[in-house]
Structure formats: structure tokens, C-alpha cells
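S.K.: The structure under discussion is supplied below as C-alpha cells; questions concerning it will follow.
None of the figures in this text is laboratory data; all of them are computed from the coordinates on show. Given the structure is predicted, the values throughout are model-derived calculations rather than measurements. Virtual Cβ from ideal backbone geometry, glycine too; neighbours counted across all protein chains shown.
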Amino acid sequence: MTGTLVRKEFLTNLVSPRFAIGFVLCLVLIPFSLLINISGYRERAAQYRIDRDAAEKAAAEVRVYSTLRPEIVLPPEPLGVFGKGVSDQVGNRVQIMLGDKPLLAAGKTAAGDNPFLASFFSVDFVDIAAIVFSLLALIFSYDAFSREKEDGTLKLQMSNSLSRSTALAGKLLGILLTLLPVIVFSFLVGSLLILFARDISFSAGEWGRIALLFAASLVYLAVFVFLGLLVSTRSKSSVTSLVVCLFLWVVLVFIVPAVSANFAGSFFGAESRDNLDRVLRDVDQQREAAISAAFKAQGVPEGWSCWWCYGDEDGRIETYGNPRDEFEKFRRRASLSEPIRLDFAEKKWAPAKAYIDSLARQARAAERLSFLSPTGLFRAVASALCRTDLASHERHMDRTRQYREAFVRWLRGKDIFASFRWITPSDPSKFKTEDELIEMRTGGEFKTAGEFEAWAAQQKDARARWMKLSQVKVSGDSPDDFPYLDISDMPRFEVRAGGFLFGLGPSALWVGILLVEAVFLFYAGYVAFIRYDVR
Amino acid sequence: MFRTVLRREVLHNLYSLRFLISLTLVIAVFAAGAVSFVRSHASDLEKYRETRGQYLENMRSLAGQGATELAVRRQTFTLKPRSNGFIADAKERYLPNAIVYSAWNVFSFQNRSGSANPFLKKFDELSWTFITALILSFVALLFTFDAVSGEKETKTLALSLSNPLPRGALLGGKFASAVLSVMAIVLAGVLTSLVIVVILGAEGVSATLAGEVLGYLAVAALLAGTFAAFGLLASVVARGSNVSLLLALSFWLAFAVVIPNSSTFLAKGLYPIARSEEVQKNVDAVFDDLNKNAPPGSWMMNSGNPFLPQHELRANLQMKRLQAEKGIRDVYARAMFRQFERTRLLTAVSPVALFEYLTEAVSGGGYLRFRKAWEDMHVYQEQFLAFFKALDAADTGSPHWFNPNENVSTTRKPVAFEKVPQFEERPMPFAARVGPALKYLLINVFVLSAVYFLAFILFIRYDVR
């Protein structure tokens, strides 16, 4: 009996115009969203290659340890083609600094080179699925009984020896069977597009995650089918049922997520970035004071001069062609300042962490509030499956912080801060005195620094001093005389994607909630149908 | 006759379930949006005040150190959070909202870090614009999708037309009644929101706000009309109300979801701009070239005596570098503006996108506001530079070698901060709002009339039995 009913429902639905339109809708929207996101992925992959090459080049072309700041470039997530999550809003580059722990990733977002494009929003497969699947579910179930009642066929049907449970089961299975091809088709088209896209390929684990996404979509679909059925059995006419269903759809799919993001924004305030910057600047000043105090305590003289110098933030210093005393001064300064810099990085981390925690809290609040709607749950599950949710990003960032620790351990293991290699590649055994350097540079014209200074003081044009010293090129005077640093033993950052089921713990719970919702709605619909007046 | 139809249709709408539900929903969302706006605006304003205080304090201390110090240091001017953001937020959270300048140049724009939470998926503020664009366009379709096909199913259409009633009047009546019903709902929502914002918020009612509200209502009526026309079209195209509903929903999905969300893709695909890395490379190449051709000793620093000859060499070099970089960066900035504007024009095929651009103009915010501030900043920068040059000319202790990056060879005397001209963002005048909106207005009117005309033609030939 159920079989007959299911067959009847299925065939009626199949020939209905709504099936055709629904199918066309999927046929247009799903490939559209995927093609957009595949092109986005391609662009991000191209950007990734540029960034990675630049980072590798920068790390390779270093001559002293103090300017070595490895940059981690995170590759784009292929699964992001299905669900972008937050991946196109956060950057992909993290530079490892000594004075700071990685806070937020830098680099281009989806807007690319034009920041104005950030004001355009975009959709992905998951968004389209959340919108279209729920719409189709409601469109097919809103008039499940009310229409047949209006046509008078429901009475006829129930006049047979047919239990209500069987009638309901037949109806439900018929609807689900009609929608199944649409969903299967959507996923098939999606998978085909991935298979035929040139520069994107999924591993077995990634295909497994897509299969899980398919399962989650089925649960999501079932929730809306049961919802439509419940509304249908509680409404007097099919028009009423339709209106109620459509409003429920708009509320659940569009309004609840928007309201939850807004309420999270205004009731779970994030800390001010300007304020954090100010606090961090203050800590920086304390650090500079601590460094000066250490210099004073150790008797390192203030001020310095150098022949060839490069200095930058975060204690970067590279110098060439100095007399021995001057090199020694640089070395002592760095050996005192860099451990202090590392200590203060820990101090700076507390307020920085409070700031990103407040950002994460706000984002989580928005997500939790959106769980009021099945769409919110589905989106959260989908972005976790696509490894583009906030938790995945946080895992990446945690790993960059661990990498920084490993990098610092590596530096400390070499006892490098107290070494000349920190500031110069010149061989300490070949350091010269100032007099020797003056003599070499002036081609023997002046024997001592005192002689030269006496001469220089009489020159009107300050440039003369420099011209005179440039007469003879002394080996070791400039970076070009030295090879790049060998950093083959430096720890490498490995991008780890995690296994098939990695990081899906919370999602299991959320799918559980979706299932409970589905069961509850089904039960409510069932009870309502048992008590339904079919006349 | 038209009035009879209109009266009947309006009453029919008013007593319908959809009207009741829409009204409840819209009032609830408008109220939620207003509460949310008041709260987040207060906290945004507080953050802005802190930032602004720092900005002024920093400039005051620079002015105390010396006029040149003030002139060469780069400042970041931040746009104030807009008090009428509840009408249209215009995605300002995601747009550039700060301008970096000095007396010598307007360098760049940026989205101040912290204006949007990168961990929070991009979302629409619950402004009037968003609610109207999403819900009211939907409601307009709901009021019209079965206007013709539904009446045909209930057989009242044939009865109506058996009276001496022109078809145009019937269609017109249905159209006007849908627009009126939607506008009644909008009005209820707008009043709710206004009451909440005025009671809870710090800002009072002003003539400008009244004008903006009226402008918003006019634009909203245009949106309601456009979607009502689409709904009527769906209604006369399909035989059954079932199909016309799906057609109407497809229109809605295409206009409210698909087209606005494909903008980034369209922008990058159709109007590509150079990569920022390439631009940087060009700048570096020009700098290298200038350095190579600079007379020897140009880079020698010795800030003690302003009259050293190398300061003049370096001032010349720095000035050339500034001009060269400015040339390249300004071209790039214009390319960005062009890419953005063209993409907008393209997405204007969607009435929802059109509506967003029009309300942006009405509320004087978003991209239009930024562009105006950007242009004004350039005017201000000229004034600031003229002011600085006058100060320098009056100082006999200065060699007058203008160097845009260093505090060496121009006046070192402090200047009273109160006398320094300040950049203030002026409110958008009426003309600046209407001007850019005109083309969008024109497109919207055209789409509305074309769709309505098409529906009319089809209705004339419609078999009402």
C-alpha cells in the first residue's frame, strides 16, 4: 500500500511544474556558485604562489640571523570552494617576529587588490544549498494535505482501508523521493565541476567530507519537509499554508542569521583595535626602557656608528666594515636586548590575546544565536566540514605560534644572540682596528683615525669625508662580499590539514540538534495529521 | 472605476493573512534593527572619539615640535560613524573609512583595522535598506504573484471583467494596491524604528533627517513598484498560481541573492586591475632610477645644520620620489574607483542592488561619502601645504628646501595648533547626493515601466476564463 502511495506522490510531483522550476533553479544556481568559487580559489592559489615565493626568497636572501623573520604563507583550502566560511575574510600570511607573537594573519582577503570590493558580498555552494533546498522542501510539502483536501481527493483516499500512518508515510516518502534526485544532482554537478577544474583536486578524505556534507544536507532538507508538513496539517487552506511557509522560510533562512550577527555585534562588543595598539605601544616603550637600563647596568656605551648599517624594527640589525670595537659594541647590545625583547613578547601577548578572544567571542555568539534556525546549524556544520570555519583558522594560527616557539628555541640553541653572526657575517678573526681600516680605505694616505679626523674637520663640504673613504674598496665592507646564510637546519612550518574526521566533534552535536529538530517536527506533524479533519 | 478596483484590492490586501504576518515581521525586525543600531552606534562612537582624540593630540604635539614635523608626518583621518546609519549602512563597515595624508600628499585610503571583525562572517546591518530590500521586495511579490492567476482559479476574474471595466484599470488597480499595501507596512516599520532611535539614541530629529526619511520612502516605493510589476508579470505569464509563485520566487532569488552576490566575481573577471605587487614593483623601479641618477652624496644625513648643501640634494630627491610615487598610486586609486563603479553599474540590473545604491545616495553614506571625503581631502591638502609654505617663507632661519619626508631644511619653529587649518568632513549637500543617483534612478524607472508594460501587454491578451 505504501509503495503505491509513494509511487503516486512521486509521479505527481515529477510531472508538476514546480519540480521543473526547482530543478532548473538548482541547475542554474549550483554551478553558478561553484564556478564563482572555483575562480576565487584559483585567484587565491595564484596569490598564494606569489606570496610563498616572495617569502621563500626573503628567507633565503638573508646574511645575518638578526634579519631572519620567516614568513608563513597558508595555502588556500580546496574545500573552501564549497563553503568559504571565514576563509576569505582572514589573511593568509603570518610573519614570525621576535617581539610579538602572531596576532592576526595579514595578506589579501577575497577583495584582492581593491579594498572597495570588500563591500560586495558573495555566496557559495553552502549558501545556495541552504537557500534553495529549504525552499524546495517547503514548496513540495506546504500543500501536502491541504491541496488534496481542497480537491476532495484526500477524503476519497482515506475512505479506503488505509491507516493514517501509512498515508503520512506515503506522502513523506514521496516528497523525499522527489527531492532526493535534486540534491543528488546538485552534488553530482558540484563534484563534476571539481573533477574537471584544472588546478583543484580533492584527496580521498576531502571527498569523504563532501559525502558528509551531502548527509548533513539530507538532514537539513528533512527538517524543512517536516516543517512544511506540520504547517500544512495545521492550516485551513493551502494558500494560508503557503504564506506561512514562505514567511517561515524568509525568517529562518535570511532574518535569523542577520539578526544574530547584528545582536552579536551590538551586545557582545569586541575590544577596540586602536586601544590594543595603544597598550602594545606602551609595552614597547617599557621594553625600550628595560633595554636601556640593561645597557647601563652592563656598561654598554650609548650611541654607535657604523660603516654600513641596516636596522629595522624588531631588533633587526646588519652591519659591515666596522672596527673591532664597534662590532663588539653591536654584539653586546644585541646579546642584552634580544632576550629582553623575547620576554616582552610574552607580556604583549596577554592584551593581544584578550583582543582576539573578544573577536572570537563575538563571532561565536553570532553563530550560537543563529542556531535558532536550522540554517544556522547547517552553515556551521558545513563550514566545519569544509575546514573554513573559525576553529580551523584558530588552529592554523595556534600552529604559527607554536612554530614561533620552535624558531626561538632554534635561535637560543645556537646561542646566537651573543654571537657576531647575529649582526654580521664577517669573520671575527679578521676584524680590524679603526686605524687599520682608515689606512686601507684611504690607500695609505692617513695612518690613523686621528690624522683623518683632523683632515676631515678642515673640509667645508661634509661629503668630502665620505668621498675620501670610498677611494679604496675594502673586502668585507658591504653585504655583496658575503654569501647568504645557510639556514637548512631552521625548523620548517608544515601545513597540516588534519584527517578525514578531524575537528568535527562540535559538528556532530549540531547535526544531532538538527536531527532532534527533525524528529520533533515529524512527531508534531504526525500527531496533527492523526487529528486532521480530512473532509 | 479604477478607484473601485483600487479600494477593493487594498481592502483585500489589508485583510489578508500575508499582510498581517508581514506587518508583524517587519515591525519586529525594524525594532530589532533600531535597538541594535543604537547600541552599536554608541560603542562605535566611543571608539571613534578615542581614535579622534589620539589623532588630535598627536598633531598638537607635532605642532609643538615644529611646523615641519607637523607637515611631513603622515596622519590618518578617520571618518566618523554616521548617525543616520539606520536608514542605510551602505556596507560602510567593509569600505575604506580612513585617509592617510600629510601636507605634501594624500597617500592612501584604508579600512581601519577593527571596523569589522574578521572572524564574524560578513553580514548586513539591519538597516531600513536591508529590511526593505529583503522582506519588502518579497512581500511585494507575495501580494501580486496570484493577482491574476489566483483570481482566474477562483473564477472571479471573469466576473470582474464581465463589468464595463478596462483591463488596464484592473491591472493598474492591482499594481497600485500592492504598492500601497507594501508602503503601509514600510511606514509602520519606519515609524517604529524612528521612535526607538529618537528615544534611545543621542541624536534628535532634524530637517535633514526628515528629508532623508522622505527620500527613503520615495525610493522604497520605487522598489515596491518594481517588484509588484515583476509579480504581476509572473502572474500573467503562468497559468496557475502555483507556477507564478515559483516564477516570482525565481525573480526574487536572482535579484536579491544572485546578482548582488556575484559582484566581486564580475569585477575581477570583467574589469581587472593591476596587482598591488606590480604597482609596488613599478614604484621601486622608479625609486631605483631616481637614486641612480641622483648626484652623489644625496643621501647623506646630518640634521644639525639646515644649510648643508646635501640637504638641498636630498630635498630634491625626496620631492622627485614623492611626485613619482604619487603619479603611480593616483592612477591605481582611480583604477580602483573605476572598477568599483563599473561593477556597480553592471549589477544595477537587479532592482535590489539599485535600491541599495539609491538609499546610499539618500542617506549620503558609503562609497559616495568616501569619494567626497577623498576629493575634499585633496583640496584640504593644498590649503595645508600653502599654510605650511607661508610659515616657512616667514622663517629666516630656514633654507626653504622643501623635503616632503624630513624635518631638516624647512622651518623648525613650532606653530600654534589652533592656527593650523583642520580637515573636517562636511555633510553631503543635496546635489552631491542626487547627482550620482540620477543614473540609477533612471535605470530603475526604466525597468519598472518596461516590466509593467510587458505585464500589461500580456494581460490584454490573457484568457481570463
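S.K.: Just rank B:S363, B:S16, B:S40, B:S262, fewest to most, by other beta-carbon atoms within 10 angstrom. Intermediate results must be reported in sequence, preceding the final value.
M.R.: Values: B:S363 28, B:S16 17, B:S40 20, B:S262 23.
By the 10 Å Cβ count, ascending: B:S16, B:S40, B:S262, B:S363.
S.K.: Using a simple spin-label model with points 7 Å from Cα along the Cα→Cβ vector, what separation in nm is obtained for A:V527 and A:K8?
M.R.: Label-label distance for A:V527 and A:K8, simple model: 2.8 nm.
S.K.: Turning to a different aspect of this structure: At a threshold of 8 angstrom on Cα-Cα distance, excluding pairs fewer than six apart, so keeping six or more, what relative contact order does chain B reach in percent? Working shown, then result.
M.R.: Working: 597 pairs, mean separation 119.7, N = 465.
Averaging sequence separation for qualifying contacts and normalising by length gives 26 percent for chain B.
S.K.: Now for a separate question. Dipole of region A:325-452, Cα-centred, from +1 at each Lys and Arg C-beta and -1 at each Asp and Glu C-beta, to the nearest 20 debye?
M.R.: On the way: 25 positive and 20 negative charges, 204 e Å.
I would put it at about 980 debye.
S.K.: I need the calculated FRET efficiency for the pair A:A350 and A:Q402, taking r as the beta carbon distance and R₀ as 22 Å, to the nearest 0.05. Could the numbers behind the result be given before it?
M.R.: On the way: r = 18 Å, r/R0 = 0.82.
The calculated FRET efficiency here is 0.75.
S.K.: Ok, one more. Taking the Cα centre of region B:266-347 as origin and charging only Cβ (+1 Lys, Arg; -1 Asp, Glu), how large is the dipole, in debye to the nearest 20? It would help to have the intermediate numbers written out before the result.
M.R.: Working: 13 positive and 9 negative charges, 75 e Å.
I would put it at about 360 debye.
S.K.: Just flag the GluC sites (Glu not before Pro) in region A:19-96 sitting in loop per DSSP whose Cβ has no more than 14 other Cβ atoms within 10 Å.
M.R.: Working: sites: A:E43, A:E56, A:E61, A:E71; in loops: A:E61.
Listed in order of number, the matching sites are A:E61.
S.K.: For a Förster distance of 45 Å, can you work out the FRET efficiency between the beta-carbons of A:E56 and B:E382, rounded to the nearest 0.05?
M.R.: Here the calculated transfer efficiency is 0.50.
S.K.: Need one word for chain A: rounded, prolate or oblate. Basis is the Cα gyration tensor (sqrt eigenvalues a ≥ b ≥ c); a/c below 1.5 gives rounded, then a/b vs b/c decides.
M.R.: Numbers: a/c = 4.02, a/b = 3.22, b/c = 1.25.
Note, shape of chain A comes out prolate.
S.K.: Kindly identify region B:266-347 as rounded, prolate or oblate by the Cα gyration tensor criterion: order the square roots of the eigenvalues as a ≥ b ≥ c, call it rounded if a/c is under 1.5, otherwise compare a/b with b/c, prolate if a/b is larger, else oblate.
M.R.: Working: a/c = 5.22, a/b = 3.16, b/c = 1.65.
Judged from the Cα gyration tensor, region B:266-347 comes out prolate (a/c at least 1.5, a/b above b/c).
S.K.: Run down the lysines and flag those whose C-alpha is under 24 Å from the C-alpha of A:K353, throwing out any fewer than 8 positions away in its chain.
M.R.: A:K101, A:K108, B:K47, B:K121, B:K122
S.K.: Placing +1 at every Lys and Arg Cβ and -1 at every Asp and Glu Cβ, with all other atoms neutral, what dipole size does region A:261-420 have around its Cα centre, in debye to the nearest 20?
M.R.: Numbers: 27 positive and 24 negative charges, 100 e Å.
So the magnitude is around 480 debye.
S.K.: Under 1.5 on a/c is rounded, so check that first for the protein assembly as shown, then, if it is not, pick prolate when a/b is larger than b/c and oblate when it is not; a ≥ b ≥ c are the square roots of the alpha carbon gyration tensor eigenvalues.
M.R.: Details: a/c = 2.90, a/b = 1.92, b/c = 1.51.
Cα axes put the protein assembly as shown in the prolate bin.
S.K.: Take A:W207 and A:Q459, extend 7 Å from each Cα along the Cα→Cβ direction, and tell me the distance between the two endpoints in nm.
M.R.: Between A:W207 and A:Q459, the simple spin-label model gives 7.4 nm.
S.K.: Would you mind computing, in nm to one decimal, how far apart the modelled labels at A:A508 and A:T433 are, each placed 7 Å from Cα along Cα→Cβ?
M.R.: 7.6
S.K.: Using the beta-carbon distance between A:D284 and B:F307 and R0 = 56 Å, what value does 1/(1 + (r/R0)^6) give for FRET efficiency, to the nearest 0.05? Write down the numbers at each step before the final one.
M.R.: On the way: r = 35 Å, r/R0 = 0.63.
Computed FRET efficiency for A:D284 and B:F307: 0.95.
S.K.: Hey, can you list the DSSP H helices of chain A whose Cα span along the axis is 15 Å or longer and whose average Kyte-Doolittle score is at least -1.0? Numbers along the way, then the final one.
M.R.: On the way: long enough: A:2-15 (20 Å, 0.34); A:17-60 (63 Å, 0.45); A:125-141 (23 Å, 2.47); A:164-196 (48 Å, 1.97); A:204-234 (45 Å, 1.52); A:238-250 (18 Å, 2.33); A:256-267 (16 Å, 1.02); A:273-298 (37 Å, -0.84); A:324-370 (66 Å, -0.91); A:374-385 (16 Å, 1.00); A:390-413 (34 Å, -1.31); A:505-530 (38 Å, 1.77).
Qualifying helices: A:2-15, A:17-60, A:125-141, A:164-196, A:204-234, A:238-250, A:256-267, A:273-298, A:324-370, A:374-385, A:505-530.
S.K.: Tabulate in residue order the Karplus-calculated ³J(HN,Hα) for region B:36-49, using 6.51 cos²θ - 1.76 cosθ + 1.60 with θ = phi - 60°, rounded to whole Hz; enter x for Gly and Pro.
M.R.: So the J values, rounded to whole Hz, are 4, 5, 4, 5, 6, 5, 4, 6, 4, 5, 5, 4, 4, 4.
S.K.: Under 12 Å Cα-Cα from B:K413, which aspartates and glutamates qualify once same-chain neighbours fewer than 8 residues away are excluded?
M.R.: Here the aspartates and glutamates satisfying the reach criterion relative to B:K413 are B:E69, B:D392, B:D395.
S.K.: Might you list the cysteines of chain A that have no disulfide-compatible partner by the rule of another cysteine's Cβ under 4.7 Å?
M.R.: A:C26, A:C245, A:C386
S.K.: Can you give the relative contact order of region B:266-347 as a percent, counting alpha carbon pairs under 8 Å and 6+ residues apart?
M.R.: This gives 47 percent for region B:266-347.
S.K.: Could you pull out every one of the aspartates and glutamates with an alpha carbon less than 14 Å from that of A:K57, ignoring same-chain neighbours closer than 8 positions?
M.R.: Counting by Cα, and skipping residues close in sequence, A:K57 has these aspartates and glutamates nearby: A:E71, A:D486.
S.K.: How high is the relative contact order of chain A, given as a whole-number percent (alpha carbon pairs under 8 Å, six or more residues apart)? It would help to have the intermediate numbers written out before the result.
M.R.: Details: 652 pairs, mean separation 132.0, N = 535.
Dividing the mean separation by the residue count of chain A yields 25 percent.
S.K.: Next question. What does DSSP give for chain A in terms of the percent of beta bridges that are antiparallel, rounded to the nearest 5?
M.R.: Numbers: 9 of 10 bridges.
In chain A, DSSP labels about 90 percent of beta bridges as antiparallel.
S.K.: Let me ask something additional. Farthest toward the dipole's positive end in the protein assembly as shown, which of A:L509, A:A294, A:G499, given Cβ charges of +1 (Lys, Arg) and -1 (Asp, Glu) about the Cα centre?
M.R.: Toward the positive end, the furthest listed residue is A:L509.
S.K.: Before rounding to the nearest 500, sum -39500 (n - 2.57) across all DSSP H runs of length at least 4 in the protein assembly as shown and divide by the residue total; then give [θ] at 222 nm in deg cm²/dmol.
M.R.: Numbers: 33 runs with 642 residues, N = 1000.
The helix contribution divided over the protein assembly as shown gives -22000 deg cm²/dmol.
S.K.: Quick one: which residues, 5 or more positions from B:G66 or on another chain, have an amide H under 5 Å from its amide H? H modelled 1.01 Å from N in the peptide plane, none for Pro or chain starts.
M.R.: Close amide H contacts, sequence-distant or interchain: B:V415.
S.K.: Residues with amide H under 5 Å of A:Q95's amide H, sequence separation 5 or more or different chain, H placed in the peptide plane at 1.01 Å from N; which?
M.R.: Residues meeting the criterion, in which the H sits 1.01 Å from N, are A:I72, A:A106.
S.K.: Right, next: Rounded to whole Å and ordered largest first, report the semi-axes of the equivalent ellipsoid of region A:183-325 derived from its Cα gyration tensor (root of 5λ). Write out the running numbers ahead of the final one.
M.R.: Working: eigenvalues 833, 152, 27 Å².
Whole-Å semi-axes of the equivalent ellipsoid: 65, 28, 12.
S.K.: Please list, in order along region B:313-322, the HN-Hα scalar couplings obtained from phi with the Karplus expression 6.51 cos²θ - 1.76 cosθ + 1.60 (θ = phi - 60°), rounded to whole Hz, x for Gly and Pro.
M.R.: Rounded to whole hertz, the list is 4, 5, 4, 4, 5, 4, 5, 5, 4, 4.
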